[in-house]
Amino acid sequence: MLYIYHSNQLNILKKLLNTIINRKLSCDHFAAEYILVKDLDVARWLKTGISLQFNIAANIKCNIFEKFIWDIMYKISPEVIPKNFSNKNNIIFMILSRIPKILKTNDFHFLSNYLDNCRNKNNLFHFSEGMANIFEKYIIYRPDWLQTWANGKLIDNLGNEQLWQAAIWQDLISFYGIQLKKYSFQQNNFYSLFIKKLHQNSNIKEFLPPRLFVFGISSFSPYYIKILNEISCYIDIHLFISNPCRNYWGDIQEHIILPRKSKNHQQIIDQDLINISSNYWSEFFRNTYKQHINNPLLVSWGKLGCDNLFLLNQLESSNHDDIFVDINEDNLLHCIQSDILNLKNSSVIGLSYKDLECNNQKRCIYNIDRSISINVCHTIQREVEVLQNYLVELINSDSNLNVNDIIVMVADIDIYIPFIKSTFYDKSIKKFLPVTILDHSITKENPIVIVFLKLLSLDNNNYILEDILSLLDVKSLADHFFIEENQLILLQYLIDNNYTYEKLNEFKILLESNDIENNHRALYNTKEILLDHLSEYSKNILSSNIPINDLLSILLKNLEHMILKINSWSLIFKKSYLLKDWLPLCRQLIDDFFNINNKDESESIFFFIEYNWKKLIYNSKKFIFEKISIVLLKNIFINQLDQENNNKNFLPGKINFCELNYIRSLPFKVICLLGMNKDDYPRKPNLSELNLMYQQPRKGDSHLIDEDRYLFLDILISAKNKLYLSYIGRSVKDNTECYPSILVTELLEYIGQNFYLKGDENIKIDDSYKNVKKYLLQYHNRLSCTPNNFKANFKTSKIFVDEQLTVAQVTKLPQCSFVNALTTYKVDYLKINQLLYFWSHPVRAWFNKRLKVLFPLQQYSSKNISYHYEDLKLYRTKYNLLNALIEKNNDAIQNIYNHNKVFGYLPPGVFAELFWNDLKQQMQQIAIKVIDDLRENNTWEINLKLQDLTLIGSLKQVQSNGLIRWSPNILTIKDGLLLLLEHLIYCATGGNGNSKMIGMSKSYWYFHNIQKNKSIDFLNKYITGYLSGMTNPLLLFNKIGSTWLRYCYNKKTKKLITDKFSIAKAHNKLLIALNGEYNILSGENKDPYVQRLYRNLGDLEIKQIKKSAEIWYLPVLQAHQDMKW
């Protein structure tokens, strides 16, 4: 007999289950009780309840419902039921193995293109995984389709889209069903054949338990319901259904049906009664709504339950019992639960103006009602902080609330884990909340597993130095290669610096040759080059007592060992192997890269990795017989690890953070949902457009979107006291509005249509709706330490983190500027190089020389292309090439080309020659001009007494006719200023020639000779600027200043233009140079020194920039002369 019990509370069903177990003992007192559930978490919850009631829970066997069904089917009819096809992983293995052969024998161009004829292993795996999900749905909901395809036929009215799916299924059945398992399909689907075998078996009870309990499953496949019904002919089956509504709602109608019915009814009446009164029509629509409008939340979210109830109601030999509990409508949450329970809808129809003018048909919400809380935040971090404050305040205010009574669910827990840990693991809050995180993926959480998977990606030498550094984050790997903390600090510096990064990268590339002699030479050369660079900065890098020379030697030697090991495994991973050959490589990889420490948890992690590797190999070799690449195997392995539940402890006496899952809709006093964003929930399945079930829907079909909607309904019903919702409703960049999940929107609309705030009884319903929405939505500030958060009368929860409270309690004094004048800078002697360094970037010089602060430029690197050039490296290459062309040194030119080719700085293939020839042609234009003007030159030693100091140093490339300089780039005003300073020194020390500088694209600077006295006065001005700029930062920026002057400088008059139009245009161009233009032109505000000096450049700073450009750059333009190219 099939007994079906309905209730709106799982606790009632649990007590009923306990009562049945206690009262109706089976004939065999030692026989086990079998309880089928959707997930073992529910089983643990049930066992806990049984043990509390009977003080013991023994001989109770809980099993997954679908696994039990397939086991019974296979036991009774093993020659008919394809058991391998009940496991999704098996189907993935089958498709991976067979799809190359299927594509060879069938003409599916779009599939071949997507998979790149199965050469794209990542796409191949994701396609196989997606199709396995779809076939799994077909097995449960469309076995008749699969039977038809297996027999070589097609489904009527399903179109040509079924052709390739039918071909794949037919091949799988033919190869893995018939050939390997001696299994053959009959004319009927395997469910029907099982039922036939069931009734033919005279010893059927030997395969079945004495009785069966099925608990807490929201929806069943129509075929599963039929199987349960047939099995109930032999044993008692007790089915416990969580039903949100006491009325029968298996045929509930959607809102769209009403207008059609009303319209049809209106047409009939119009034919009989033309002059009908408006009162009659109002009464007609009112009655129609009462008959046909149901609770909109149940209609929108309850499709799974509706179909399930309809199918169960079709069973003739079933016994239905209702055990529903009335809900006291004492707050908003309980009112909504009661509405759903009683299929109630109090929304205003609005058939007359009077109905729209008041809210007497709605129910009242009191201003202290916080049973439903909807929170709007800017970021995930802020979401978690607000939740923490809410929970602390809630527990402080309710002595009966324990942490066991709270559960927090997230659509994607892996995204939230770092923020949960950083917030809830901080013990500085006044009342620390113990939490545990369930469902987290070990492939994204455990550092050893993450590094192991990175090592599996070494199928090609496309790793970069940052990858090596990330591998060394795991201590067991760093210990294996004897790389200690001080070596890691040094390595981090070498990677951050552009020059040392390039040399270290060249060292890595040289080690790929596997030439021992060449490796030793590369090690020695790299060490010498790096030592030369590090000698100046070693004190700022390390506090270690080990000399930098010894430390660098140890680091490079250990890196050499590690890189050679990585290269050797890269060669292994380039090939494909049979699965049996892949089996021992996991252990070898662990031994080659890790130190296994028995004293910590690393040993268990490595055991976990190796166990799952072996499990994967043993399971997949039944289906995959060909060689397989590491790319494909890694994807399968990640899928295997993701299916492992890394945390089995549900309800361990802590606040549980877990994934939003329909098996987790257990009753709690407080249920919190985070991440209820528009694009994140309901979730969208991968490759859902390939699922043909959408084209021919049936009653009882289950899809991920429907499951998520019904889960939300279950959660709403399961929340006993509080329902907390949170989503990102504001952009952290510009505060623009972001939309919540459609489920949150529908809940808000329902509350607004059915309830009003206390005091809004007599206002219009539209205004009432706005007030309700404003009351429910709690907008939180972007930062937790905003002073408003700590006000007693503030709408949102108070802050309980001491350090945030300290920040917020600081008195509102004016914020001091970061830019403060230092002590007056005085020197007696100044080197020429120091003067030029300052004027090339005054702000940088102030940071470097006065504050002793160095901001390394962000290192650019890319795995997606085989070559990359950052500005510094490209400049160095062009500079060396230009000098070689000027010297006419063909050997040097060829060496530069070979160097760039070997180290991957040129594009691949024929593009290398094209790129190099273009670069060479650009530099040749400069070289020709320089060679024409080049004369015999020498170096002048300078010792020039000036007003405030003595200038010392040397001037190079001094010719009889003046100075000559060249650059491989297009010249800027900064280049002109530096040449002018050297020209002034040249003239002040007796030079009587002209100075010139030649750059790319025919750019140049040219200065005539200046009298000695004027040169000294000019120099004193820039020396004064230098001393002032070393005391207080001088806002002189190359790009911004030159742009400003370019648009407001008159070359003819050599003065600034003062008309408003030109000034406005120059100002706009200055802002573009500062901020950049879209994604095409980067602005000078990206300069790290500008960013550290001013977060935002305001009007005052812009004015200073213009003034500095006028004082220091304008004389350069005025001194510049025309020159024939």
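Residues in region 1027-1055 that are in contact with a helix residue (DSSP H, G or I) (Cβ under 6 Å, 6 or more places away or on another chain), surrounded by fewer than 18 Cβ atoms within 10 Å (Cβ to Cβ) and in contact (Cβ under 8 Å) with a residue 24 or more places away in the chain: LYS1054 only. Checked against (1) buried (at least 20 other Cβ atoms within 10 Å of the Cβ); (2) free of Cβ contacts under 8 Å to residues at least 24 places away in the same chain, SER399 passes all but condition (1).
Is there any pair linking a residue in region 99-110 that is free of Cβ contacts under 8 Å to residues at least 24 places away in the same chain to one that is assigned to a helix (DSSP H, G or I), with Cβ under 8 Å and at least six apart or on different chains, and which? Pairs found: LEU103/LEU111; LEU103/SER112; LEU103/LEU115. Do we find a residue being at positive phi, hydroxyl-bearing (Ser, Thr, Tyr) and either in contact (Cβ under 8 Å) with a residue 12 or more places away in the chain or in a loop (DSSP other than H, G, I, E, B) (or both) anywhere in region 995-1005? Yes, the conditions are met somewhere in region 995-1005. Identification of helices (runs of 4 or more DSSP H) wholly contained in region 842-938 with 2 or more residues that are modelled with pLDDT of 90 or more and outside the structural domain of ASP975 (by TED's automatic domain parsing) yields no element. Being within 19 Å of LYS1002 (Cα to Cα) and free of Cβ contacts under 8 Å to residues at least 24 places away in the same chain is a condition met by at least one residue of region 906-917.
LYS720 meets the stated requirement of being surrounded by fewer than 22 Cβ atoms within 10 Å (Cβ to Cβ) and modelled with pLDDT of 90 or more. Screening the candidates LYS678, LYS654 for the property of being modelled with pLDDT of 85 or more, in contact with a Pro (Cβ under 8 Å, 6 or more places away or on another chain) and more than 15 Å from LEU743 (Cβ to Cβ) yields one hit, LYS654.
Considered as a group, the residues in region 402-441 that are surrounded by 20 or more Cβ atoms within 10 Å (Cβ to Cβ) and at pLDDT 90 or above include one that is farthest from TYR727 (Cα to Cα), and that residue is ILE406. Listed by first and then second residue, the pairs linking a residue in region 333-347 that is in a helix (DSSP H, G or I) to a residue that is among the acidic types (Asp, Glu), with Cβ atoms under 6 Å apart and 6 or more places separating them unless they lie on different chains, are CYS335/GLU329; SER338/GLU329. Among the numbered conditions (1) assigned to a loop (DSSP other than H, G, I, E, B); (2) among the polar types (S, T, N, Q); (3) modelled with pLDDT of 90 or more, the only one that ASN375 does not meet is (1). Taken together, the criteria exclude ASP701 from residues that are under 19 Å from ILE415 (Cα atoms) and acidic (Asp, Glu).
Condition check ((1) closer than 28 Å to ASN308 by Cα; (2) touching a residue at least 24 places away in the same chain (Cβ under 8 Å); (3) assigned to a loop (DSSP other than H, G, I, E, B)) across all residues:
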site: TYR710; (1), (2), (3): yes, yes, no
site: ASP766; (1), (2), (3): no, yes, no
site: ASN771; (1), (2), (3): no, no, no
site: LYS774; (1), (2), (3): no, no, no
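Remark: pairs (first residue in region 36-51, closer than 13 Å to GLU66 by Cβ; second residue crowded, with 20+ Cβ neighbours inside 10 Å and among the charged types (D, E, K, R); Cβ separation under 9 Å; 6+ apart in sequence or on different chains) = ASP39/ARG664. Only one entry in VAL449, VAL408 is of a type in the set (A, V, I, L, M, F, W, C), in a helix (DSSP H, G or I) and either touching a helix residue (DSSP H, G or I) at 6+ places or on another chain (Cβ under 9 Å) or assigned by TED's automatic domain parsing to the domain that holds ASN754 (or both), namely VAL449.
Please indicate, with yes or no, whether at least one residue in region 207-216 is on the phi > 0 side of the Ramachandran plot, crowded, with 19+ Cβ neighbours inside 10 Å and at pLDDT 85 or above. Yes.
Would region 243-263 turn up any residue that is closer than 23 Å to ILE35 by Cα and either assigned to a helix (DSSP H, G or I) or modelled with pLDDT of 80 or more (or both)? Yes, region 243-263 contains at least one residue that is closer than 23 Å to ILE35 by Cα and either assigned to a helix (DSSP H, G or I) or modelled with pLDDT of 80 or more (or both). Considering only region 603-610, I want to know if a residue exists there that is closer than 17 Å to HIS480 by Cβ, assigned to a loop (DSSP other than H, G, I, E, B) and either assigned by TED's automatic domain parsing to the domain that holds ILE516 or of a type in the set (Lys, Arg) (or both). Taking every residue of region 603-610 in turn, none turns out to be closer than 17 Å to HIS480 by Cβ, assigned to a loop (DSSP other than H, G, I, E, B) and either assigned by TED's automatic domain parsing to the domain that holds ILE516 or of a type in the set (Lys, Arg) (or both).
The values are calculated or read from the model by the stated rules, or taken from the named source; none is laboratory data. Computed from a predicted structure; not experimentally measured. Reconstructed Cβ throughout: ideal geometry from the backbone, glycine too, with neighbour counts over all protein chains shown.
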